[in-house]
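Colleague: Shown below is the structure under consideration.
The values are calculated or read from the model by the stated rules, or taken from the named source; none is laboratory data. The structure displayed is predicted, hence computed values, not measured ones. Note that we place each Cβ from the backbone using ideal geometry, even for glycine, and neighbour counts take in every protein chain shown. Protein only, heavy atoms only, side chains kept; ligands, DNA and RNA dropped before computing areas. Shrake-Rupley method; radii C 1.70, N 1.55, O 1.52, S 1.80 Å.
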Amino acid sequence: FKGWVQERGLYFWTQFDPKYTALLAMHDPGEPDLDGGLVYVHYGKGTYIYTGLAFFRQLPDGVPGAYRLFVNLLAASRASKPE
């Protein structure tokens, strides 16, 4: 998250069904981990991804890490899915 502008995100899930997988955790110094900012689940023939990350701030500012993460999220539909 080096170079991210303003906040990393908002509206992080604090509770979610165990079927969801938290993909990362983050925290400010002295604060507990927040793991509801990026979660996913395979649903039917697809993948559902929730993110509270502030891409709407990062992408217009050209933050490289935000672009890398966003492209990986877009590519998630091409990843192998369980049978």
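Colleague: For residues that are in contact (Cβ under 8 Å) with a residue 40 or more places away in the chain and among the basic types (Lys, Arg), scanning just region 1-23, find the one that is most open to solvent (accessible area, probe 1.4 Å).
Modeller: Lys2
Colleague: For region 20-71, enumerate the residues that are part of a strand (DSSP E or B) and under 15 Å from Lys2 (Cα atoms).
Modeller: Answer for region 20-71, where residues must be part of a strand (DSSP E or B) and under 15 Å from Lys2 (Cα atoms): Met26, Leu53.
Colleague: Check region 24-46 and report whether any residue there is of a type in the set (Lys, Arg) and surrounded by 11 or more Cβ atoms within 10 Å (Cβ to Cβ).
Modeller: There is no residue in region 24-46 that is of a type in the set (Lys, Arg) and surrounded by 11 or more Cβ atoms within 10 Å (Cβ to Cβ).
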